[in-house]
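The values are calculated or read from the model by the stated rules, or taken from the named source; none is laboratory data. Quantities reported herein were computed from a predicted structural model and do not represent experimental measurements. Here Cβ is always computed from backbone atoms with ideal geometry, including for glycine, and neighbour counts include all displayed protein chains. Protein only, heavy atoms only, side chains kept; ligands, DNA and RNA dropped before computing areas. Shrake-Rupley method; radii C 1.70, N 1.55, O 1.52, S 1.80 Å.
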Amino acid sequence: MTGSAGRDASLARAVRLREHGLREEAREQLVELSARFPDDAEIAYQTAWVHDALGLEADAVPYYVRALAGSGLSADDRRGALLGLGSTYRTLGRYPEAVTTLSGGVTEFPEDNALQTFLAMALYNVGRAHDGMRLLLTVLAKTSGDADLIAYRPAIEHYAKDLDATELDAIDLDATDLDAIDLDATGLDAVE
C-alpha cells in the first residue's frame, strides 16, 4: 500500500495495537510513520499519546508540539493533544508551560471539565492555589451528581467566586466599623 490508503491503514493498525495494550509495538510503528509523514498532525498526536501511555513523557512532548502546530486534527483530537501536552508538561515539572498550554485549551474548549481540572492542578504548581481551588470548586459544583453536594451547590458556587468571603463581607463592612455593629443582632459572636 502506498499514499493515503497505506498511511490510513498503517495508522489504524498502530492505534489498534495501542488500544489492545501492545504499546511498544504501536510506538515502533508510529515513530516510523511519523518519520515518513513528519507534517501529519494526526500521526504526531497518536505518536505523542503512545509515548505518554508508556511513561515516556519527555519523548511525547515534541510529537504533541508538532501535532498542535499542524493542521488536520479533529476538534476532539486537538482537545486531547492540548490536554496531553499540558498534563505532560506538568508531570515533567514544566509548570509555567503547563499553565500556558492548559489555559489555551480552556480558552479554546471552555466547557471541557478535564482541561479545567488539569489547569487547576497546574495553577497549584505555580503557586496560584487560590485560582486552582476556585476553578476546581466551579467544576465540582457544575458536574457533581452527589446528593450531598447538590444540596450545597449555591454555597459552593458562591465561595468559588470568592474563597475569602465571610459573613462580614456580606454586610459590606470594613474593620473600623466593627465597634458600631450590634454583634448580637447579626448573629456573630464578639471576638475578644
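Computed quantities for the displayed model
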quantity	calculated
Residues of region 24-133: accessible area per residue with a 1.4 Å probe, Å²	46 Å²
For region 41-150: rounded, prolate or oblate by the Cα gyration tensor [a/c cutoff 1.5]	prolate
Rg/Rh (Cα only; Kirkwood hydrodynamic radius) as it applies to region 73-136	0.96
Packing-based ranking, highest mean first, of 79-86, 24-31 given that Cβ atoms within 10 Å are counted	79-86, 24-31
